[in-house]
Each structure stands twice: as C-alpha cells, then as structure tokens.
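These notes concern the structure reproduced below.
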Amino acid sequence: MADPILIGGDWKAGQGDVVTSIYPADGSVSGEVAGASPDDVNAAVAAAVKAQADPGWRDMLPHMRAALLYRVADIIQERHEALAQLQRRDNGKPIMETRALVASAAGTFRYFGAACETAEDEVTPSRGPYLSMSTWEPAGVVAAITPWNSPVASDAQKLAPALAAGNAVILKPAGHTPLVALELGRICLEAGIPPGIVSVLPGAGSVIGNAIIQHPDVRMVSFTGGTTTGKAIAHMAADKLMPTILELGGKSPTIVFDDAEIDHAVNGVIFGIFSSAGQSCIAGSRLFVDRAIYDDFLEALVAKTRTLRVGDPEDDRTQMGPQISAAHRESIEAYVARADSEGGKVLVGGARPSGNGFEQGFYYAPTVIDGLTNASTVAQEEIFGPVVVALPFDGEDDLIAQANDSVYGLACGLWTRDYRRAWRVGRRIQSGTMWVNTYKQFSISTPFAGWKDSGWGAEKGRLGLRNYMRQKSFYWGLNDTPIPWAD
C-alpha cells in the first residue's frame, strides 16, 4: 500500500496516481506514495487559507515564529544521517553530497528564523502633517514547487522564508523525489508549525502543479526547475497578477585565463560540471580556455577527469553517482550523439560505464567534448548531465561575446590571478552569480538570481524574506486642524 501524504495538516492517502521513487543506482523502488488529486489540492488550499488567517499564526510575534524555525532546524540536525540516506535513495546523489545538503537545509531554517525575528518595519521621512510607515505582511498561501536534483536544500530554501514571513505553504515536490519533502512536512508538524500551514502534495506537475498555481486562493508561486515549465508558470501567474520567483535553467560558462593557477582551475572546472553528476542548473557546462594554454589545459583536464570515482552513492568515496532516470540518461546520450554529428570530438567519457554493477543503474561517464563552436547544440542547450564542451577564446572581447551568446544567464566561473581582470570581465558577463577562482560555493546569506531565461526574482539573503511578503504603507495624521480642502 502506498504511503499517505500531508493534506491540510493530516496524513491521508491522496486520490491521485501513485508516485514512485526509484533508486537510480540500481532501479529498485525506494518508496511509493499515494499522489494528490485536484480535489486534494482544493482541500489543502482551503486548510491553508484557514490556518494562515488564524490569529495564533497570523499574529504570532516574530521571535516566537523564529523559535519554531529554529526547532525545525534542530530536528533536521538530529536526523541528519537518516535524512541524508533518504535523499540518497530518492535521487541517487552520493552520500557525502546529501549530507552537505541536509546541513544546508538546517542552516537555511536557522538563517530565516534569525531574519524573521530581526526584520524591521520602517518609519519613512514625512512630507506633511503625518507620520508615515512602511510595514510588511504575508503574501498568504504560497505554492512552492521544487526540483528533483537537490530537493532537501531546495525545499528548505522555499519553506523557510515563506514560513518566516507568516505564510501557509503548499509544497509540490518533483515526481521523481517525493520522500524528503514529505519528511520535511512531518518535521514541520513535530516542531510546532500549526496544522494546515504546510501541505505536501506529490503528483504530476502538469496536473497537480497547475491546479495549485491556478487556484484562486494561492497568491504567490516560487518555482525551481526547467525554463520551459517556468515560462508556462509565468503565463498562469500573469493571468492572476500573482508574483513569482522563478529559478530556471542555465548553460553557465567557466573561464580559464592564461595566468590561472592550473591545478586550481582544473579541479574547479571538474567540480563545477561533474559534481551532482552534472544535474545542476549552475553546472559549468561551457568551458572557455585562453587559446594560449588551450591544449595543455585540456590535457590536464582529461587526465584528472579519468580519475573521478563514479560509483555507488552509498560509498563515502564516490564522487559521481547515476543520472536520475533511464530516460534522462538517454537524453544525455542523444546530445552527445548530436555533438558527434556536428563535428565534435569526445576526449573522455561519452558512454555508459560498464562492470561493477553499473548496468543496473542509470550511470553515464563524465564527458569532455572538443572541436565545436559556441553555436553548436551542446553549447547552447541545457543538457543537465556530466557533459562539458571546451571552447578556445582569443582576448577578453572575444570571450565576453561568446560567453554572453546564450539565452541563459545563471552563473559563471572565472579563473585568473589578475583581480582587475576578474572585476572587469565579471562585470561584463551576463549572469546572476560570478565565482572567481572557485565554483559552486553558496551561502544562504547571499542572494541568488538568474538573468535572461534563467529566471526572475531572487532567493536567499536577508531580503529573501521580503520576497514572500507584501508591502503596506501607513499614514498617521498629526494635523491639529481639519483638512482644509473640505472647507
């Protein structure tokens, strides 16, 4: 029998299709849950509206709400290993990576707890006989739609600020990975978050996601996922004049100048594209290398790539696990075949690994492709897998023209000893995040946003709390005589 889901504060069997979590390392079933139906969406939203309007939650003092978020963080930390193992089973990430993601989730709840209890309203400069103020109130019921590649961290990055702001949240996890989201819902209840404030509704995005977004009582949506889906959500939200946060796809450039520390750059490039098995929106999938060091750098990169430990996600030594599904691996294979047809040369990888039980899972070898231009398919379209295309450049202007020649603008890595060059080039690159002599470093205290087709709005940072709120202005009359206009 499929496990229940969290609907309006109660654990119930959803009335929709069963959602199955498949372990990508061997194809075994990790769990089955009774997915939500449109009627379940209606019930969850109705409960959310009622719970969010209850004075016990609506008027809760900030330090008391913060205490609940701190308790959520404490429980996550207490169950750190169990949650890390559950995340590993849900999407096949190596255990060392899922442990880091669980720690990140706990930190996110702590950060927004602190942001909640220290956030201030503002007395604005008066321009007449009144006292003027700017205050902030919850958006209401928030739809939080999360991806399968890092669900425990992504769920926390939406749940924590939305709850800190005083909202109710309908969390819709990706179809591949329902298990961690349901466990976070359980933790929220145990921590004292009122019933109905958090519902977790697994199900198909085209059915359940759309039903949540289009519900008239849902007043905001925060989505992380593919650009095509994000654009569809933006259209639905526009029909409701509903605010959105959209963190979408990427085709991030990583740049190596001729003065870079080569060993640092090689390791950084490899980490940027092959960690998470390439299944990351900020993966450094376009590698631009100064022509003066291009051949030598690729030789070092290929040699280091061959040493990566691809294997069992349960093994602490594993650096790269499987892809999320057989279908996703087939999509990656089709891109590599397309690269070959366009004249590309696979320098390493380009195939499924064999032996050691790889045949039972959805593995694909880390792959470096040379011999193409930035106009090629694999340089322009998001593959979302362990495939990097290497491209030479001649001078800063050529580099910037190529790096910015993309519909995406999510992140960029840059390797150089020259801090003036790093600043100069970094300011000209069209991306929401710039890493200089590092890659894939994140802080919950630093905003994260995409440019162009990589998204809209920002997550994280102290002001990330305000993204889940509405601003209201107050004017307090101080005049001693009646308003003269009416005389």
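Throughout, read-outs are computed from the coordinates displayed, never taken from laboratory work. Here the structure is a predicted model, which means the values were calculated and not measured. All Cβ positions, even for glycine, are placed from backbone atoms using ideal geometry, and neighbour counts span all protein chains on display.
Numbers for the structure displayed
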quantity: Whole-number D in µm²/s for region 1-106 (Stokes-Einstein; Kirkwood sum over Cα pairs; 10 °C, 1.306 mPa s); calculated: 98 µm²/s
quantity: Rounded FRET efficiency, nearest 0.05, which uses the C-beta distance separating Asp398 from Asp26 and R0 of 45 Å; calculated: 0.45
quantity: Share, in percent, of DSSP beta bridges within the chain that are antiparallel, nearest 5; calculated: 45 percent
quantity: Highest to lowest packing among 267-277, 451-461, scored as the average C-beta count within 10 Å; calculated: 267-277, 451-461
quantity: Three semi-axes of the equivalent ellipsoid, region 3-56, Cα gyration tensor, whole Å, largest first; calculated: 29, 12, 8
quantity: MRE, 222 nm, helices only [DSSP H, n ≥ 4, -39500 (n - 2.57), over the chain, to nearest 500]; calculated: -11500 deg cm²/dmol
quantity: Residues Arg58, Arg329 arranged by fewest to most Cβ contacts within 10 Å; calculated: Arg58, Arg329
quantity: Gained length - Ser206 relative to Arg420, 0.36 nm times residue gap less alpha-carbon distance; calculated: 72.3 nm
quantity: D_trans [Stokes-Einstein, Kirkwood Rh over alpha-carbon pairs] for region 28-76, 25 °C, 0.890 mPa s, µm² s⁻¹; calculated: 178 µm²/s
quantity: DSSP bridge pairs, region 388-487: antiparallel proportion in percent, nearest 5; calculated: 50 percent
quantity: Cα shape, region 250-317, gyration tensor, a/c 1.5 rule; calculated: oblate
quantity: Net lengthening on full extension, Ala67/Ala82 (0.36 nm per residue, minus Cα-Cα); calculated: 3.1 nm
quantity: Under the span-like rule (Cα at least 30 Å along the axis, Kyte-Doolittle mean at least 0.0), DSSP H helices of the chain; calculated: 95-118
quantity: Sum of side-chain charges, Arg186 neighbourhood, beta-carbon under 14 Å (Lys, Arg +1; Asp, Glu -1); calculated: -3
quantity: Region 446-487: Cα Rg divided by the 2.2 N^0.38 Å rule of thumb; calculated: 2.22
quantity: Directionally averaged projected area (convex hull, Cα atoms, region 171-252), nm²; calculated: 6.3 nm²
quantity: Residue-count net charge about Arg420 - beta-carbon cut-off 14 Å; Lys, Arg +1, Asp, Glu -1; calculated: +2
quantity: Cα-based convex hull volume of region 241-362 per residue, rounded to whole Å³; calculated: 177 Å³
quantity: Using a Förster distance of 60 Å, the FRET efficiency for Ala337-Glu122 (Cβ separation, nearest 0.05); calculated: 0.60
quantity: Alpha-carbon Debye profile of the chain, log10 I(q)/I(0) at 0.07, 0.12 Å⁻¹; calculated: -0.39, -1.06
quantity: Cα centroid separation - region 280-306 against region 356-371, whole Å; calculated: 18 Å
quantity: Tyr475, Tyr364, Tyr111, Tyr23 arranged by Cβ crowding within 10 Å, fewest neighbours leading; calculated: Tyr475, Tyr23, Tyr111, Tyr364
quantity: Inter-label distance, nm, simple model (7 Å from Cα along the C-beta direction), Arg309/Asp10; calculated: 4.9 nm
quantity: Net charge of Cβ neighbours under 13 Å - reference Asn210; Lys, Arg +1; Asp, Glu -1; calculated: +1
quantity: Region 253-436: antiparallel DSSP beta bridges as a percent of all, rounded to 5; calculated: 15 percent
quantity: For region 414-487: rounded, prolate or oblate by the Cα gyration tensor [a/c cutoff 1.5]; calculated: prolate
quantity: Spatial separation of Cα centroids for region 426-487 and region 245-261, in angstrom; calculated: 24 Å
quantity: Cα centroid separation - region 62-128 against region 136-188, whole Å; calculated: 11 Å
quantity: At R0 = 25 Å, FRET efficiency that the Cβ-Cβ distance of Glu137 and Asn42 yields, to 0.05; calculated: 0.50
quantity: Calculated P(r) of region 253-436 - Cα pairs past 22 Å, %; calculated: 42 percent
quantity: Whole-number percent relative contact order across the chain, with pairs defined as alpha carbons under 8 Å at least 6 apart; calculated: 18 percent
